[in-house]
1. Taking amide H positions as placed in the peptide plane 1.01 Å from N, state which residues far from HIS37 in sequence (5 or more) or on other chains have amide H under 5 Å from it.
2. Return the distance in nm (one decimal) between the two label points of a simple spin-label model at ARG138 and SER74, each offset 7 Å from Cα along Cα→Cβ.
3. Taking the highest mean first, how do the peptides 32-40, 97-105 order by number of other beta carbon atoms within 10 angstrom per residue?
4. Could you tell me the center-to-center distance, by alpha carbons, between the range 12-49 and the range 152-174 in angstrom?
5. Name the residue from ALA117, THR101, LEU130 whose Cα lies farthest towards the positive end of the charge dipole of the range 100-169, charges +1 on Cβ of Lys and Arg and -1 on Cβ of Asp and Glu.
6. How would you rank SER74, SER134, going from fewest to most other Cβ atoms within 10 Å of each one's own Cβ?
7. Of ALA48, ALA122, ALA29, which has the largest mean-square fluctuation in a 10 Å C-alpha GNM of the chain?
8. Could you line up PHE176, PHE153 from fewest to most neighbouring Cβ atoms inside 10 Å?
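Every number in this text was worked out from the coordinates using simple rules, so none of it is lab data. Note that the structure is predicted; figures quoted are calculated from it, not measured. Please note: Cβ atoms are built from the backbone with ideal geometry, for glycine as well, and neighbour counts cover all protein chains shown.
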Amino acid sequence: MTYRELLATVDAWFARGTAAAGPGVVPCARGCNACCHGPFDVSPADAALIAEGVAALPEPQRAALRARAEKQLSRYSQLLPNWKAPFEVDALDEQAFDALTEKLAREPCPALADDGACVLHAHRPATCRLTGLSLRSRDGDVLENFCPIQSEFPAYAALAPTPFDLQAFEEQAASFDAEAVAAGHASTTVAGAIALFSQARKTP
């Protein structure tokens, strides 16, 4: 199994929950990007996936993406001067990262193009794929839906959690994280993953 194949199990979970909800209940669609703001951490495997997506873009799109990432990274540097590339989330304490995400909560993800669509949608990280529905793990734990506009859609907000074996996913993802770390990736943010890819391309 590849990491992309593992992520497909998350996509299947989301499709299952959307179908169970009924037509038009889940508002997630191209152009709806309310959840695509503010930095968040991505795993090393996700960082590698993002790098793959960046590499697949035509150069004009890639250049625009890099510019948006660099703009967000400059905000990191203003708020946390000692936090440097590759902007490893694990290098910060939880309180510092939470403060950063709160201050930049309105900042769009660098992957959002001017038309509001994600240019890395096929290579989006697990966190993005797990957003939009609440989840019930095999142990009965509930991961709440963090959609920031769900209150605008009462039927959507009232949906019961969709079952998913999150523990099994995380156990399998750990091996892909180890492979990604060995390849030079890190637990970072979307902007950090884009910057790390760009830096790697410059290194002879």
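1. Amide H neighbours of HIS37: CYS109.
2. That separation, rounded to one decimal, is 4.8 nm.
3. Details: 32-40: 17.2, 97-105: 14.7.
Peptide ranking by packing, descending: 32-40, 97-105.
4. Value for the Cα centre distance between the two parts: 11 Å.
5. LEU130
6. On the way: SER74 11, SER134 18.
Fewest-to-most Cβ neighbours within 10 Å comes out as SER74, SER134.
7. ALA29
8. Details: PHE176 21, PHE153 15.
Taking fewest neighbouring Cβ atoms as first place, the list is PHE153, PHE176.
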